[in-house]
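Take a look at the structure set out below.
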Amino acid sequence: GAVRLSAMADYRTGSTILNVSEIQNCFFGTCRGLADPHASLADQAAAQAALKGGYTGFASSGRFLAVRELSASYTIPQRAAGVLRARGAQLSLSGRNLGYFMREFEGFSVESTQAIPSDGLGPQNPGPPMARYWILRLTLDY
């Protein structure tokens, strides 16, 4: 009973996402379908269609499973906690925004493109993905 493990995940489905960054790259001639001579025929067709105003070749399912948090907590024995004049103590390590699974979207981040634009002009440039970080916490009971 001294160690506690926990996890939190987020599953989303039912949406379609456009890879706006890759569409914009096509306008500059730098998307894979235009710039890579070994690109698949599907990528080449999508690039040519984008130049003519057709973007469905850059649409993919917005389904994903995100690992939001994994954590482990250790209850420090009372004798050791007493060194700090505490009745009890716990040491926890948590990792947040650890990764995406089951995703089809090939863009930068499956979530950064889902924001509603403020100017009403349609999809905007995507932002960076959610930051991944680690937290080490010591909790003392007095």
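The values are calculated or read from the model by the stated rules, or taken from the named source; none is laboratory data. Note that the structure is a prediction, hence the values are computed from the model and not measured. Here the Cβ is made from the backbone with ideal geometry for all residues, glycine too, and neighbour counts use every protein chain on show. These accessible areas exclude ligands, DNA and RNA; they are computed on the full protein's heavy atoms, side chains included. Shrake-Rupley method; radii C 1.70, N 1.55, O 1.52, S 1.80 Å.
Quick notes on this structure:
- Note on residue 42 and residue 79: the extension gain reaches 6.8 nm, defined as 0.36 nm multiplied by sequence separation minus the Cα-Cα distance.
- Backbone N within segment 40-82 under 18 Å of label point (7 Å from residue 27 Cα along the Cβ vector): 46-59
- Hz values of 3J(HN,Hα) by residue in segment 15-25 - Karplus curve (6.51, -1.76, 1.60), Gly and Pro given as x: 10, 10, 10, 8, 7, 4, 4, 6, 4, 5, 4
- Selection from 30, 42, 84, by position along the positive dipole direction of segment 12-102 (Cβ): 84
- Accessible surface of segment 1-81 [probe 1.4 Å, protein heavy atoms]: carbon and sulfur percent: 57
- Between helix 41-51 and the chain: long-axis angle, C-alpha atoms, 0 to 90°, nearest 10: 70
- Think of each Lys and Arg Cβ as +1 and each Asp and Glu Cβ as -1; about the Cα centre, that makes the dipole of the chain roughly 860 debye.
- Karplus-based coupling profile of segment 70-77, in residue order and whole Hz: 10, 8, 9, 10, 10, 7, 6, x, with θ = phi - 60° in 6.51 cos²θ - 1.76 cosθ + 1.60 and x standing for Gly or Pro.
- Identified option (computed percent of Cα pairs over 21 Å apart; candidates (1) 49; (2) 42; (3) 59): (3)
- Surface accessible to a 1.4 Å probe, per residue, for the residues of the chain, Å²: 68
- Using the Cβ of residue 11 as centre and a radius below 12 Å, the other residues enclosed give a net charge of +3, where K and R count +1 and D and E count -1.
- Full extension of the segment from residue 12 to residue 93, taken as 0.36 nm per residue of separation minus the current Cα-Cα distance, would add 26.5 nm.
- Net length available on complete extension from residue 69 to residue 86 is 3.3 nm, with 0.36 nm assigned per residue and the Cα-Cα distance removed.
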